[in-house]
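Peer 1: I am attaching a structure below and will ask some questions about it afterwards.
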Amino acid sequence: MILKVLAISIAADSQRAIVGCDDTKALIYDMCSGKIIRTMPPNPGAVSAVFVMEKDDYLITAGGNKITFYSFRNEDSIVNFYPKKKEKRKNRKQLVSTNRLNLNSNNHPICCFDVSRDSTVAAIAIQRFIQIWLLSTPELSKTFEGHTAIITCIAFAPNCEFIVTASEDKSAMVWGLQFGILQTTFKAHNAAIS
């Protein structure tokens with residue numbers, strides 16, 4: 001079976017490459033030998049984004065409507081971000097465990113995400129919306145809306161004051177994080193941005 005690669009990231013140690021595939025799995029390759037050294041547990045959908053934190057502390061995968069953080073040193077799953085269930089389950093007093101966050105994605109898959117250089121904030125694109133999450137608490141900080149088609153890429157500015165999103169609507173938008181407003185829009189593209 002031939003897998004379609006949807007995302008790739010290289011660890012800071014330059015020894016491992018992480019590949020997100022359409023079969024719901026992320027694969028970790030040894031850069032020297034080219035061999036798979038680990039297959040991560042399946043996600044609820046195709047792995048659309050992978051990210052390795054600056055010091056190789058954490059590997060983050062986005063698949064379906066779920067973001068999973070793994071300790072990259074031993075690759076154990078530590079936190080899952082995916083929509084809460086609103087109904088109570090039988091024989092339980094709590095609605096959900098504390099390691100789940102409501103992304104308000106209405107079960108739409110995560111298109112892409114990025115983490116700020118200081119590792120304090122995550123930007124998550126779901127369809128035409130961007131959610132800004134504080135990773136320390138974790139809580140939803142802001143939501144941006146402005147694209148008219150699915151967002152295909154997202155990136156933080158090095159100073160963490162702005163994010164840039166691009167979309168199938170042939171535009172790129174710059175968002176100011178301090179006041180939560182659209183700063184500028186670039187519309188000179190002839191095709192969808194990916």
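Read-outs: derived from the displayed coordinates by stated rules, not from any lab. From a predicted model like this one, the values you see are computed outputs, not experimental measurements. In this analysis, Cβ positions are derived from the backbone assuming ideal geometry, glycine residues included, and neighbour counts consider all displayed protein chains.
Peer 1: Ordered by packing density, taken as the mean number of other Cβ atoms within 10 Å over each peptide's residues, highest first, how do 40-46, 57-63, 154-160 rank? Walk me through the numbers before you get to the answer.
Peer 2: On the way: 40-46: 17.4, 57-63: 24.3, 154-160: 14.9.
The peptides rank, most packed first, as 57-63, 40-46, 154-160.
Peer 1: Under a plain spin-label model, where a point goes 7 Å from the Cα along Cα-to-Cβ, how far apart in nm are Asp57 and Ile181?
Peer 2: In this crude label model, Asp57 to Ile181 measures out at 3.4 nm.
Peer 1: Roughly how many whole Å is it from the C-alpha centroid of the range 1-80 to that of the range 110-124?
Peer 2: Between the Cα centres of the range 1-80 and the range 110-124 lies a distance of 15 Å.
Peer 1: Could you give the length gained on full extension between Lys4 and Thr39, defined as 0.36 nm per residue of separation minus the Cα-Cα distance, in nm?
Peer 2: Fully extending the segment from Lys4 to Thr39 adds 11.1 nm.
Peer 1: How far apart, in nanometres, would the label points at Met31 and Glu139 be if each is projected 7 angstrom from Cα along the Cα-to-Cβ direction?
Peer 2: 3.9
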